[in-house]
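As structure tokens, the structure follows; a few thoughts come after it.
The values are calculated or read from the model by the stated rules, or taken from the named source; none is laboratory data. Computed from a predicted model, the values in this text were never measured in an experiment. Here the Cβ positions follow ideal geometry from the backbone for every residue, glycine too, while neighbour counts run over all protein chains shown. The area values use the complete protein model at the heavy-atom level, side chains included, leaving out ligands, DNA and RNA. Shrake-Rupley method; radii C 1.70, N 1.55, O 1.52, S 1.80 Å.
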Amino acid sequence: MSLNGSRVDYWRGKLKAMGWLVFGRNAQAEAVFDGMLARWPQDAYLLASRAHLRAQRGAREAAIADAQALVAAHPRRSAADWFNLAYLLEDAKRFADAEPAFRQALELDPKLDRAWYGLGLTLIHLSRFDEAIAALKRNTELQPMSPYGWYQMARVHMDRHEPDEARRIIRHLQGFEPKVAAQLTRETGLAP
């Protein structure tokens, strides 16, 4: 088949899959992606799309396999590709595998606040608290009004028996997220 015929087949398949997705027929769209990946096994769009569908239906290991194939074939394409892989690995509690994927996402986009947050959570699970605090601090620098990084940082400070630092974060949160500050106060027993 000619190159143009191949291109037409690719776009026809892509449109068919998108049509299935519009009508909420994810299984049929995934089947289209399966067939297309048999022909174009390293295609970034196809791998990312199928990984997303597999993750949605709870086929985590299959989604991880697609995400790993994507970053192996296109390692510098997108920080989001690495973030998605890291997120799936973290969700699977494969923290030692998630860490380098988060770090690769951050190498490609140092301002990807979600990756800093995910890295912080991963490092908490790996009991590497100094590094976790550094990652969460970077997250809060990039997203100062989001309470999530602040909350996790306060929890780490409590786990490290540093109540003054946790109390400082609670006071800070009172200024823009009083509900989260109150939750931390209840959980830690610390008055701001």
Virtual spin-label span in nm between Asp164 and Gln143, 7 Å along Cα→Cβ: 3.0 nm
Run through all the Cα pairs of segment 1-126 and give the fraction in each 5 Å bin from 0, expressed as whole percent. 2, 12, 20, 18, 18, 12, 10, 5, 2, 1, 0
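What is the sum of charges around Pro147, taking Lys and Arg as +1, Asp and Glu as -1, for the other residues whose C-beta is under 14 Å from the C-beta of Pro147?
For residues surrounding Pro147, the net value is 0.
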Pairing the Cα long axis of helix 178-188 with the longest principal axis of the chain, what angle in degrees results, from 0 to 90 and rounded to the nearest 10? 70 degrees
When all C-alpha to C-alpha distances in segment 32-90 are sorted into bins of 5 Å, what percent of pairs does each bin hold, rounded to whole numbers? 4, 22, 34, 25, 12, 2, 0
Can you pull the one-decimal nm distance between simple spin-label points at Lys179 and Ala31, each 7 Å off the Cα toward Cβ? 4.3 nm
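Rg to Rh ratio, segment 5-65, alpha-carbon atoms and Kirkwood radius? Mind showing how you got there, number by number?
On the way: Rg = 11.1 Å, Rh = 11.5 Å.
My calculation of the ratio gives 0.96.
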Could you size up the charge dipole of the chain around its Cα centre, putting +1 on the beta carbon of Lys and Arg and -1 on that of Asp and Glu, and report it in debye to the nearest 20? 560 debye
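Distances over 24 Å make up what percent of all Cα-Cα pairs in segment 40-192? Present the calculation step by step, with values, prior to reporting the outcome.
Details: 4572 of 11628 pairs.
In whole percent, the share of Cα-Cα pairs in segment 40-192 beyond 24 Å is 39.
Which chymotrypsin sites (Phe, Trp or Tyr not before Pro) does segment 1-104 hold that lie in a coil by DSSP with at most 15 other beta carbons within 10 Å?
Numbers: sites: Tyr10, Trp11, Trp20, Phe23, Phe33, Tyr45, Trp82, Phe83, Tyr87, Phe95, Phe102; in loops: Phe23.
Those satisfying the criteria are Phe23.
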Given a cut-off of under 8 Å on Cα pairs at least six residues apart, what relative contact order in percent is computed for the chain? 9 percent
Can you give me the solvent accessible area of Glu162 with a 1.4 Å probe, rounded to the nearest 10 Å²? 50 Å²
On a full-extension model of 0.36 nm per residue, what is the gain between Ala73 and Arg39, subtracting their alpha-carbon distance, rounded to one decimal in nm? 10.7 nm
Take the Cβ-Cβ distance between His52 and Arg128 as r, set R0 to 35 Å, and report the resulting FRET efficiency rounded to the nearest 0.05. 0.70
Tilt of helix 129-142 relative to the longest C-alpha principal axis of the chain, in degrees (0 to 90, nearest 10)? 80 degrees
Reported to the nearest 10 Å², Asp159 has, with a 1.4 Å probe, an accessible area equal to 90 Å²
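Note down, for segment 102-187, the three equivalent ellipsoid semi-axes (square root of 5 times each alpha carbon gyration tensor eigenvalue), biggest first, whole angstrom.
With the √(5λ) rule applied to segment 102-187, the semi-axes are 22, 15, 9 Å.
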Please check: in the Gaussian network model of the chain (C-alpha springs, under 10 Å), which one of Arg50, Arg76, Arg160 has the largest mean-square fluctuation. Arg160
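Return the calculated 222 nm mean residue ellipticity for the chain, to the nearest 500 deg cm²/dmol, obtained by summing -39500 (n - 2.57) across DSSP H runs with n ≥ 4 and dividing by the residue count. Display every interim value, and only then the final one.
Working: 11 runs with 151 residues, N = 192.
So the helix-based figure for the chain works out to -25000 deg cm²/dmol.
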Between beta-carbons, use under 12 Å as the cut-off and find the net charge around Phe129, counting Lys and Arg +1, Asp and Glu -1. -2
Aspartates and glutamates with Cα under 15 Å of Lys179, excluding same-chain neighbours fewer than 8 positions away: Glu187
Between the helical axis of 79-91 and the dominant principal axis of the chain, each derived from Cα atoms, what acute angle in degrees is found, rounded to the nearest 10? 70 degrees
Percent of accessible area on segment 112-192 owned by carbon and sulfur, 1.4 Å probe? 52 percent
